[in-house]
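Have a look at the structure below before the remarks.
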Amino acid sequence: MVDEKKLQDAVKKTVSRDDVKYVVGYEKGTYGFQVTPSFAYDPKDADKFIFSPLCVYNLAVFPMLEEKPPLRKDQEPDTRKIGVVVKGCDARAIVQILQEKGLNREDVVIIGIPCTGVVDPKKLQAQFPENGKNMDIKTGKDNFIITIDEKTHTIAQDKLLDEKCKHCEYPTPILYDILIGDEIKATKKEDYKEIEDLEKKSMKEKWEYWEKQFERCIRCYACRNACPLCYCKECMVDQLSPQWVRRSVNLSENTAWNLLRAFHLAGRCIGCGQCERSCPMDIPLMQLNKKIEKEIKELFDYIAGIDPEEKPLLAMFKPDDPEEFIL
Amino acid sequence: MADDFEPNIIGFLCNWCSYAGADLAGTSRMKYPPNIKSIRVMCSGRVDPIFILEALKKGADGVLVAGCHPGDCHYQSGNYKTNRRIMLLKKLLDELAIDSNRVRFEYVSASEGQKFAHIVTEFVDDLKKIGPNPLKEGGT
Ligand code: SF4
Ligand code: SF4
Ligand code: SF4
Ligand code: FES
């Protein structure tokens, strides 16, 4: 359990600093199990901050959304930091962005939360479809304890845990300025079981599977906007000349979009699942992300977002990189 | 697959090696199938996977990327980096059931006209077996 009082105090202390613009964390949403991002510009805003197993979202995207407006001649740039509340996985997004120099270390204050796992909102919704005002969920010893209007239910963690948490290898943020509570040691391992099952399918089965998925894509680009690593000033899909991806929504363009998005995150995606969670059409984007992650580990012995000093995967090479052909 | 299927190939050839290699194949009158349309790039490192996708969407059945041999890249490491990119792209294509044999990365030096002709011949044969590209716009 995360001590919310400690979290709020840390947020208060952080926003009180002159060199901090705001801190982003989580607060309770208006109804049901909802949790939404919360922004503290002032110490008193911190009283709303919570951390519960509902805080599944990755907030590392916010520092990337800061606009840098052009300055007038005598204007000083706003160099204030942004504070972000992060779980283990979210912190890896920041590490990866630092590695790519998308942010400098001094641009962010990282408030780290050692995480015991969060729930998948869709699984929760399926189990408890009611929509009340007094709904909450806490982590028990090996279950989740859910309260809906004074009634309590307990449910095995496995039934609600988000997929990413089932294989989490970095529960404690790798990088932080303030840690709320004690470090938690990793006990789980990524096994890529789901990916291996997909790999076993025949070409025909794979085509039919992905055709069914991509044909539903409405190209809203929510997956891109939610991803902390999709921070290009001008995304390739917005370019008009040359126009790499046509506006038309059809299988060919949709496939190209999804393939290129996944490829652009190769060696960068840290598996927070925010893209898939944001997709209104339930397209299993994590299967693509995980597939690439697995290949990268096997081919290049590389893991994204664990070392801010490492060079980005596709910006370097090793002379003994595998090659697929025989000379 | 119908016997009369003639695959379209787009070749991205490095200016310093493979393009000259292809030229040599031509000037020495080596025989190779006319299915390839070559685009000269200044280095195989210039080839963004987005180019390959674009070619496939626009109707290419196969894409050949050819660059200098390891150690010979005019810009030191373009070919190594392209090797990484294309390997990953191919894994992803296979995952999405777009036969990754539609994309080839080869090292062809300026003196290897013979090798170039051989690669193109072999690639055309392979693509005839694989069949038309499903990603083609307007196709399924
Ligand atoms: S969020 Fe889903 S529907 Fe929207 S563009 Fe991404 S994959 Fe397509
Ligand atoms: S691609 Fe998806 S899982 Fe990967 S970092 Fe972006 S939002 Fe997270
Ligand atoms: S999809 Fe590619 S180009 Fe677009 S924002 Fe993401 S990384 Fe950048
Ligand atoms: S110059 Fe030929 S591959 Fe780089």
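The values are calculated or read from the model by the stated rules, or taken from the named source; none is laboratory data. Please read all numbers here as calculations on a predicted model, not as lab measurements. FYI the Cβ positions are ideal-geometry reconstructions off the backbone, even for glycines, and counts take in every protein chain you see. Quick note on the areas: whole protein, heavy atoms, side chains included, nothing else; ligands and nucleic acids left out. Shrake-Rupley method; radii C 1.70, N 1.55, O 1.52, S 1.80 Å.
A compact table of results
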| quantity | calculated |
| --- | --- |
| The range B:9-130 shape via C-alpha gyration tensor axes, a/c threshold 1.5 | oblate |
| Interface size A-B, as summed buried accessible area [1.4 Å probe, Å², nearest 100] | 3700 |
| Selection of trypsin sites (Lys or Arg not before Pro), the range A:1-47, meeting DSSP coil and at most 14 other Cβ within 10 Å | A:Arg17 |
| Loop-located GluC sites (Glu not before Pro) in the range A:217-318 whose Cβ has at most 14 other Cβ within 10 Å (DSSP) | A:Glu234, A:Glu309 |
| Per residue accessible area of the protein assembly as shown, 1.4 Å probe, in Å² | 48 |
| Partner chain coverage, peptide A:258-264 - average Cβ within 10 angstrom | 5 |
| Alpha carbon convex hull of the protein assembly as shown, projected area averaged over orientations, nm² | 25.7 |
| Where chymotrypsin sites (Phe, Trp or Tyr not before Pro) in DSSP loops with at most 13 other Cβ within 10 Å are excluded, longest remaining stretch of chain A | A:42-324 |
| Neighbour-limited loop hits for trypsin sites (Lys or Arg not before Pro), the range A:157-253 (at most 11 other Cβ within 10 Å; DSSP other than H, G, I, E, B) | A:Lys185, A:Lys189, A:Lys200, A:Lys233, A:Arg247 |
| Mean Cβ count within 10 Å, highest first, over the residues of peptides B:46-58, B:78-90 | B:78-90, B:46-58 |
| Rounded if a/c under 1.5, otherwise prolate or oblate - the range A:4-179, Cα gyration tensor axes | prolate |
| Shape category assigned to the range A:193-315 from the gyration tensor of Cα positions, a/c cut at 1.5 | oblate |
| Over 18 Å (Cα to Cα) - which of A:Lys138/A:Lys159; B:Lys57/B:Lys90; A:Lys12/A:Lys101 fall in this group | A:Lys12/A:Lys101 |
| Extension reserve of the A:Thr187-A:Asp47 stretch, reckoned as 0.36 nm per residue once the Cα distance is removed | 47.1 nm |
| Out-of-range pairs (alpha-carbon distance over 19 Å; input A:Lys166/A:Lys290; A:Lys87/A:Lys164; B:Lys31/B:Lys115; A:Lys188/A:Lys290; B:Lys37/B:Lys81) | B:Lys37/B:Lys81 |
